[in-house]
Structure formats: C-alpha cells, structure tokens
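Q: Got a structure here, written out as structure tokens. Questions coming.
Derivation of every value follows stated rules applied to the coordinates shown; laboratory data play no part. Keep in mind it's a predicted model, so treat the numbers as computed, not measured. We place every Cβ from the backbone using ideal geometry, glycine too, and count neighbours over all the protein chains shown.
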Amino acid sequence: MARLIGPPLGGLITGLLGVSVIVLLDSATFLIACALIACLTVSGRAVRSEESDTEETSAAQAELAINDNPWKKVWRECWMVYA
C-alpha cells in the first residue's frame with residue numbers, strides 16, 4: 001500500500017512545499033533518530049555462561065556442515081529480501 005501511495009504523496013508534498021522543505025524534514029527525522037539512539041542506556045554487562053557458548057558453537061558447526069559455503073546463505077537471504 002505504501003509503495004502505491006508514497007510516490008504520488010511525495011510528489012504532491014514536494015510540489016506544494018518545495019524540495020528544500022523536504023530535505024529539511026528528512027534531516028530533522030535523522031536528528032530525531034540520533035537523539036533517540038543517544039538516549040538509550042545499557043544497564044549492567046551481559047554475562048555469558050559456558051552452556052550458551054557450547055550451544056552456540058555446536059549450532060554454528062551444524063549450520064556450516066549443512067552449508068558447505070556460508071556465503072550461500074547470505075546470498076539466498078539477500079534474494080529473498082528483494083524478491
């Protein structure tokens with residue numbers, strides 16, 4: 001729905017307000033996102049247990065055994081996103 005409505009709406013707003021206003025609004029959204037990310041805090045440190053390390057290692061080894069080339073998975077996922 002956004003792909004259908006977005007371009008005409010963007011063209012209408014650009015025609016009414018001008019490109020400079022659109023650029024300023026886009027810049028403002030990036031600054032707002034930057035401010036929100038700067039407000040994030042992390043409470044404490046993550047502690048990894050030995051069990052989780054061995055589970056992750058065995059899962060990663062099993063995945064590599066299934067896929068002889070790990071880049072195939074990345075390539076396949078990229079095509080799934082853009083399909």
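Q: Just rank 19, 42, fewest to most, by other beta-carbon atoms within 10 angstrom.
A: Least to most surrounded, the residues fall as 42, 19.
Q: What spacing in nm lies between the two simple spin-label points modelled at residue 40 and residue 14, each 7 Å away from Cα in the Cβ direction?
A: 3.1 nm
Q: Based on other C-beta atoms within 10 Å, arrange 41, 14, 29 from fewest to most.
A: Working: 41 5, 14 12, 29 9.
Exposure proxy ranking, most exposed first: 41, 29, 14.
Q: If you stretched the chain out fully between residue 25 and residue 1, how much longer would it get, using 0.36 nm times the residue separation minus the C-alpha to C-alpha distance? Don't skip to the end; give the middle numbers.
A: On the way: separation 24, 0.36 × 24 = 8.64 nm, distance 2.25 nm.
My answer for the length gained is 6.4 nm.
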